[in-house]
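Single-structure report; data block below.
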Amino acid sequence: MQTRQMKTILVKLLRWLTHPIFVFVALQIVWLTMIILWVVWFMSQQETLSKLSSIIGSTSTINPTTGIFTLVIGCVLLGIFLVGTVVLFVFTQIQSSLISQQKSFVSSVTHELRSPLSSLQLSFETLQRHQLPVTVRDKIFSMVEKDLERLSQLVERILIAGRLDRGIIDYKNQQDEIPLREIIQHVADQQRHMDESLSQRLKIDCSPDLVIGASRLALTIVLGNLLENAVKYSPAGAPIRVQVTIQEYELWISVEDAGIGLTSSEQRKIFRMFHRSPRAQKAAVPGTGLGLYIVKSIVNSMGGRIWVQSEGVGKGSRFTFALSRECILAS
Ligand code: ADP
């Protein structure tokens, strides 16, 4: 038992010691110390060096002003070199994390494409080869509908993420008159393919008289993604709550679940493009890591902001997005 523990500690230590950030920082410390030691040694030995030069009969002497000037220039150049290496290092770190995120995105998308496609193929073959009773045919048709919905949602998400990334879409100036409670209910109905019992577990706290001016499409995508995640990342039957509150300057819309929750480190990363938490991947929850990136970009393009709160693993999550209070047309 003890040797196993030692082994894991050693492996962890080795991984830590060979981590690029550690190696980079250690190298910077090593060469900075080396330069400082050299300079200190040179300054302290100046007298000896002068004596040595007079012994060997050299006529040139070291001018202290020139010496200090050279030292200052040397320090400035070293500073520039240091800043340059830090910039290059940060750049390569960003690139490598992007590459690994893209790899995980490709594998998620491949998986997301493969499962509905295989299911569609199976349904098609079953319908083609067998004479089936109407009830069974209807069941297969509804499965086909779900798979097609899943595929079109995936393609739609990739397209929207690309457009948002290039700054092509701007939802700020799109103003539809939206009865908020109605649209929340409508989005929840659209999400019923994820969970038939959604209407029983969902509670909507929103005045039926509240009407806002905003892009209907944007609001549908944002609410759809947040509700979908609330279903995906919480146990079947656990309550989900959508709450709308009017604050002093803003309108807050939050989606709260009693699911797997988020650690503070996960909370910092989940809005990044392609980011999926290892817990979600381990639990084989389907996804691409695009949903929250799209949600955040859309909310920003509506002039709003979004944040998440969670007490930690297993304690549920609450996603809130805020729009300017000026969007309220009636309440
Ligand atoms: P996807 O769900 O496709 O992985 P998202 O961008 O929607 O991508 O979410 C990113 C990550 O944030 C998820 O992989 C998951 O780890 C985490 N997450 C999102 N919503 C929730 C939630 N309601 N509860 C817990 N974790 C969540």
Practice problem: Residue by residue through region 308-329, note down the ones that are assigned to a strand (DSSP E or B), farther than 14 Å from Leu223 by Cα and not aliphatic (A, V, I, L, M). | Solution: Gln309, Ser317, Ser324
Quiz item: Only one of (1) near the ligand (Cβ under 7 Å from one of its atoms); (2) in a loop (DSSP other than H, G, I, E, B); (3) more than 14 Å from the chain's Cα centre (by Cα) is not met by Ala238, so which one is it?
Solution: (1)
Quiz item: Is it true that Phe89 is surrounded by 12 or more Cβ atoms within 10 Å (Cβ to Cβ), among the aromatic types (Phe, Trp, Tyr) and modelled with pLDDT of 80 or more?
Solution: yes
Quiz item: Of the conditions (1) within 30 Å of Gln175 (Cα to Cα); (2) at pLDDT 95 or above; (3) among the hydrophobic types (A, V, I, L, M, F, W, C), Ala258 fails just one. Which one is it?
Solution: (1)
Quiz prompt | region 249-268: number of residues that are within 8 Å of the ligand (Cβ to nearest atom), in a loop (DSSP other than H, G, I, E, B) and more than 10 Å from Ser310 (Cβ to Cβ) | solution = 0
Quiz item: Given the structure, is Ala230 of a type in the set (Gly, Ala, Ser), in a helix (DSSP H, G or I) and near the ligand (Cβ under 9 Å from one of its atoms)?
Solution: yes
Quiz prompt | Top-ranked residue in region 269-318 [being near the ligand (Cβ under 6 Å from one of its atoms) and among the polar types (S, T, N, Q); ranked as nearest to the chain's Cα centre (by Cα)] | solution = Ser277
Exercise. Among the candidates Ile169, Ile160, single out the residue that is touching a helix residue (DSSP H, G or I) at 6+ places or on another chain (Cβ under 9 Å) and within 16 Å of the ligand (Cβ to nearest atom).
Key: Ile160
Exercise. Could you tell me whether Asp209 is more than 16 Å from the ligand (Cβ to nearest atom), in contact with a strand residue (DSSP E or B) (Cβ under 7 Å, 6 or more places away or on another chain), assigned to a loop (DSSP other than H, G, I, E, B) and not hydrophobic (A, V, I, L, M, F, W, C)?
Key: yes
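The values are calculated or read from the model by the stated rules, or taken from the named source; none is laboratory data. Predicted model, so just to flag it, every value in this text is computed and none were measured. Cβ: placed from backbone, ideal geometry, glycine included. Neighbour counts: every protein chain shown.
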